Amino acid sequence: MTDLASAALRGTVIAANDDFFAAKENLIEPAAPTHAAHTFDGHGQVYDGWETRRRRTPGEDWAVVRLGAPGVVRTVVVDTAYFVGNYPPRCAVDATAADGYPTVDELTDWVPLVAETPLGGDAVHEFPVTDPHRYTHVRLRIRPDGGVARLRVHGDPVPDPRDLAGPVDLVAAALGGRAVAASDGFFAPPDNLLLPDPGRTMGDGWETARRRTPGNEWVELALGVPGVPRVAEVDARRFLGNAPGGIRLTATDPAGVTLLAETRLQPDTYHRFRLAGDRAVRRVRLDILPDGGLGRLRLYGTPTADARTAATLRWWNALPAAHADAVLAHHPADVRQRLRATRPHSVVPPEVAALR
Ligand SMILES: NC(=O)NC(NC(N)=O)C(=O)[O-]
């Protein structure tokens, strides 16, 4: 599952009431937390996480994350790695949904995702979530204070259909693209190919072991949104001694469509290839010849009309009531109320289809 909160998907911690000892931004770092004992800065021991002061008044501390990819949350992970004498004994997690770029004070209608629950020190806590709505922001509350290394918000991205009108990267992780199978991911996993920002090092692309047998390595990718891919961008930057000699791109659903016949790659190079075929595809297989590593793969194309309709229905039916009301704010209250109350819809209502 995708970590919707991850900084790698452009999640951000927009606010916290306190992060005196350790920065709130650490909460969503994709890398596993680390620790060096007896390492002090001007505030105290350095921790790789979010850590508040010792509270001297009643209350709780909180941090709010804007999800990199809004979606339906399946599991929340609260990891107190290395926080032992200073972990929070209890936490709770809430969520809300809003369009645009609200400040923390503009966010309202918080609903509980994880009810207040005990925490242990230096431990990974995994909380299943059953709420089926699509959220854009998550709030972690800790009682009364303390430190949390990482917050993971695993779930399914639910893109806003208004963002699917033009050509998009059909395989982007933020739209629900994911690796469904791969021959190898020894040094780094193939899902990294689909992240939005360029890799910072060779370590955050996809890299296989050196292949010592005939054949080649490959990854099969499910598109987040079905469509006709027109252009592939293949980022082999930062892969100098281990870029693949070439690649091939084939659709696997529907099977048998060659998008890019065997094509040579250059090391440490950003490639852009025009693709063959004009059928809509749901899955593709990227063969790397014979092995090696790549930073990113983009597959630009326009979603099919059916895919946009399906995305619109999924989005609309998953909006929390207050957000559904807000997206229809230009309609009279009785229209909004009727449309909200008759969900889930199996056909996109005209008022929803007309949203731009
Ligand atoms: N040794 C500590 O970790 N002390 C304090 N925390 C930091 N970061 O120094 C504290 O009060 O929790």
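The values are calculated or read from the model by the stated rules, or taken from the named source; none is laboratory data. Note that the structure is a prediction, hence the values are computed from the model and not measured. Don't worry about glycine lacking a Cβ; one is built from the backbone with ideal geometry, like all the others, and counts go over all protein chains shown. These accessible areas exclude ligands, DNA and RNA; they are computed on the full protein's heavy atoms, side chains included. Shrake-Rupley method; radii C 1.70, N 1.55, O 1.52, S 1.80 Å.
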Checklist entry - Would you list Val168, Val180 from the most to the least accessible area, probe 1.4 Å? => result Val180, Val168
Checklist entry - For the chain, modelled as a GNM with alpha-carbon contacts under 10 angstrom, which of Tyr270, Tyr47, Tyr101 fluctuates the most? => result Tyr101
Item to check | Alpha-carbon gyration tensor eigenvalues x 5, square-rooted, for the chain, Å | outcome: 37, 31, 14
Checklist outcome for this item: With Cα springs under 10 Å, the Gaussian network model of the chain assigns the largest mean-square fluctuation among Trp110, Trp50, Trp315 to Trp110
Item to check | Cα-based convex hull, segment 2-157, per residue volume (Å³, whole number) | outcome: 108 Å³
Checklist entry - What does the helix-only formula give at 222 nm for the chain: each DSSP H stretch with n ≥ 4 adding -39500 (n - 2.57), the total divided by the residues, and the result rounded to the nearest 500 deg cm²/dmol? => result -2500 deg cm²/dmol
Checklist entry - Which whole-number value in Å² is the accessible area per residue of segment 2-157, probe 1.4 Å? => result 44 Å²
Checklist entry - Simple spin-label model, 7 Å along Cα-to-Cβ: Phe20 to Asp306 in nm? => result 6.0 nm
Checklist entry - For the chain, with only Lys/Arg (+1) and Asp/Glu (-1) charged at the beta-carbon, what is the dipole magnitude about the Cα centre, in debye rounded to 20? => result 760 debye
Checklist entry - How much area per residue is accessible in segment 168-303 when the probe is 1.4 Å and only protein heavy atoms are counted (Å²)? => result 44 Å²
Next on the checklist: I need the calculated FRET efficiency for the pair Asp99 and Ser183, taking r as the beta carbon distance and R₀ as 51 Å, to the nearest 0.05.
Outcome noted: 0.80
Checklist entry - For the chain, which whole-number percentage of the solvent-accessible area (1.4 Å probe, protein heavy atoms only) is attributable to carbon and sulfur atoms? => result 52 percent
